[in-house]
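S.K.: First the structure, then my questions, so here it is.
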Amino acid sequence: MHRLYRLSNQLHYGFNCTRVIPSCRKITSLAIETSCDDTSVAVVQKTSSESLPNIVCLNTHRTLSKYEMYGGIHPSIVIQEHQKNLARVVYETIKQSQSLGVSNYDLITVTRGPGMLGPLAIGLNFAKGLAVGLNKPLLAIHHMQAHALTVQLESQIPFPFLSILVSGGHTILILSRSVVAHEILASTTDIAVGDYLDKCAKYLEIPWNNQMPAAALEKFAAPTLDDLNVDCNPPNPMSTGEKAHNPNFSFSGLESYARRLITSKSWSFSEKKILAYKLQEAAFKHICQKITKAIESTDLSDVRFLVCSGGVARNSVLKKMLEELLISLHSRGLIPETKLVYPSLELCSDNAAMVAYTGIRMFEEGFKSSLEVEPIRKWPINSILNVNGWIHR
């Protein structure tokens, strides 16, 4: 049984070699993700056995090139793009799934929040129409919950596990005990790490080249170059006084430092490459320090995995530093032997496959959503069930 990914108008093929037991009933979810700028639709199947789910097809329409001139996401253009593209992407996905022998859907799943209200409403209203028209249950799910569960699309990762969720809108360390139980161990007190990296790329005037600016920053960065000595000493946030004992993250001070430093003088191309590396490295060191602080006061004796997910999880420097951190924490006796796991690059960014899978898991837990649900801009991941609209079957 093959998986079909269609991202940015390119086809990516992979294979799911897990044996599907014919006697096990499949649950098929048609899902929509529009929490920010990407318009994504997917069909995912899961059996009631322990086999991995199957991504039947995934279409994601990305519009990054439209926002570079603004230096970031432009809300009104995002809404226009979703309105223009969503129906077409849904149509293409349904046609693809039918060509692969999947024409019946058990669930309609959609992102309810957190995210931008306008884009969320477009996806949510479209999904309601599908649920009514096809007479299927609606599952309106939590975006960051979907990111936390994404790795289970590709690997058998049992609960409980730690997750560091890093994106343009979130930086959260959570302990996931079940599909719906996620304890927040640390979160950002101001901006997210992805927002910080995006702004560094903007200040350094790095071309996006149809990538997120944080990804362009990583590709542009160089740890050393031509033996240049660049004076760049970013602050270590929340490392003194009472704040040193606080496990939460903070990136606004790093962002202010980056802006002042970069605009203080004219930098050569080579110097900018070194600055890019040092500025991203400072943020990742801060993340590792605060993960350590959170772990020192948490019982993780039954945890064997640290999941890194979200758009910034694509960054190879961050993943290398997290792997080194886990080795260090284990050698100090703070955690059992723990493996770092992360989604494939295609699934780190926002995508409807993770939404479809999370909808299936919520349905298996006995939940569906009312047709009266509305989008939610802010929705803590430790309060997934503490909002109106859930129906327990």
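The values are calculated or read from the model by the stated rules, or taken from the named source; none is laboratory data. Computed from a predicted model, the values in this text were never measured in an experiment. Reconstructed Cβ throughout: ideal geometry from the backbone, glycine too, with neighbour counts over all protein chains shown. To get the accessible areas, we keep the full protein, side chains included, count just its heavy atoms, and leave off ligands, DNA and RNA. Shrake-Rupley method; radii C 1.70, N 1.55, O 1.52, S 1.80 Å.
S.K.: May I ask for the angle, rounded to the nearest 10°, between helix 193-203 and the longest principal axis of the chain, with both axes built from Cα atoms and the value confined to 0 to 90°?
M.R.: Rounded to the nearest ten degrees, it is 60.
S.K.: Let me ask something else about it. Using a 1.4 Å probe, what is the accessible area per residue for segment 161-341, in Å²?
M.R.: 44
S.K.: While we're here: Which residue, chosen from His286, Ala214, Ser268, occupies the Cα position most advanced towards the positive end of the dipole of segment 161-341, where the dipole is computed from +1 (Lys, Arg) and -1 (Asp, Glu) charges on Cβ about the Cα centre?
M.R.: Comparing the listed Cα positions along the dipole, Ser268 ranks first.
S.K.: Can you return the aspartates and glutamates within cross-link range of Lys136? Criterion is Cα-Cα under 16 Å, with same-chain partners fewer than 8 residues away left out.
M.R.: Once the sequence-local aspartates and glutamates are set aside, what remains near Lys136 is Asp106, Glu364, Glu372.
S.K.: On to the next question. Pick out, from Leu322, Tyr67, Leu117, the residue whose Cα sits farthest towards the positive end of the charge dipole of the chain, with +1 on the Cβ of Lys and Arg and -1 on the Cβ of Asp and Glu.
M.R.: Leu117
S.K.: Is the shape of segment 200-251 best called rounded, prolate or oblate, per the rule: a/c under 1.5 gives rounded, else a/b larger than b/c gives prolate, else oblate, with a ≥ b ≥ c the square roots of the Cα gyration tensor eigenvalues?
M.R.: Values: a/c = 3.35, a/b = 1.61, b/c = 2.09.
Judged from the Cα gyration tensor, segment 200-251 comes out oblate (a/c at least 1.5, b/c at or above a/b).
S.K.: Among Glu92, Glu324, Glu183, which one shows the biggest mean-square fluctuation in a GNM of the chain, springs joining Cα atoms closer than 10 Å?
M.R.: Maximum among the listed residues: Glu324.
S.K.: If the only charges are +1 at each Lys and Arg Cβ and -1 at each Asp and Glu Cβ, what is the size of the charge dipole of the chain around the Cα centre, to the nearest 20 debye?
M.R.: On the way: 39 positive and 34 negative charges, 134 e Å.
Roughly 640 debye for the chain.
S.K.: For the chain, modelled as a GNM with alpha-carbon contacts under 10 angstrom, which of Asp190, Asp350, Asp198 fluctuates the most?
M.R.: Result: Asp190 has the largest fluctuation of those listed.
S.K.: How would you rank 352-364, 147-159, highest first, on the average number of other Cβ atoms within 10 Å across their residues?
M.R.: 352-364, 147-159
S.K.: Still on this model: Mind jotting down the distance between the C-alpha centroids of segment 255-328 and segment 114-145, whole Å?
M.R.: 33
S.K.: Taking the chain as a Gaussian network, Cα atoms linked when under 10 Å apart, which of Ala140, Ala181, Ala42 shows the biggest mean-square fluctuation?
M.R.: Residue with maximal mean-square fluctuation among Ala140, Ala181, Ala42: Ala181.
S.K.: Sticking with this structure for a sec: Once a ≥ b ≥ c are taken as the square roots of the eigenvalues of the Cα gyration tensor of segment 161-341, is the result rounded (a/c under 1.5), prolate (a/b larger than b/c) or oblate (a/b not larger than b/c)?
M.R.: Cα axes put segment 161-341 in the prolate bin.
S.K.: Report, in listed order, any pair from Lys273/Lys320; Lys84/Lys199; Lys128/Lys290; Lys272/Lys378; Lys84/Lys320; Lys290/Lys339 with a Cα-Cα distance greater than 30 Å.
M.R.: Beyond 30 Å: Lys128/Lys290; Lys272/Lys378; Lys84/Lys320.
S.K.: Using only the Cα atoms of segment 93-162, build the gyration tensor, take square roots of its eigenvalues as a ≥ b ≥ c, and label the shape rounded, prolate or oblate: rounded if a/c is under 1.5, else prolate if a/b is larger than b/c, else oblate.
M.R.: It comes out oblate by the Cα gyration axes.
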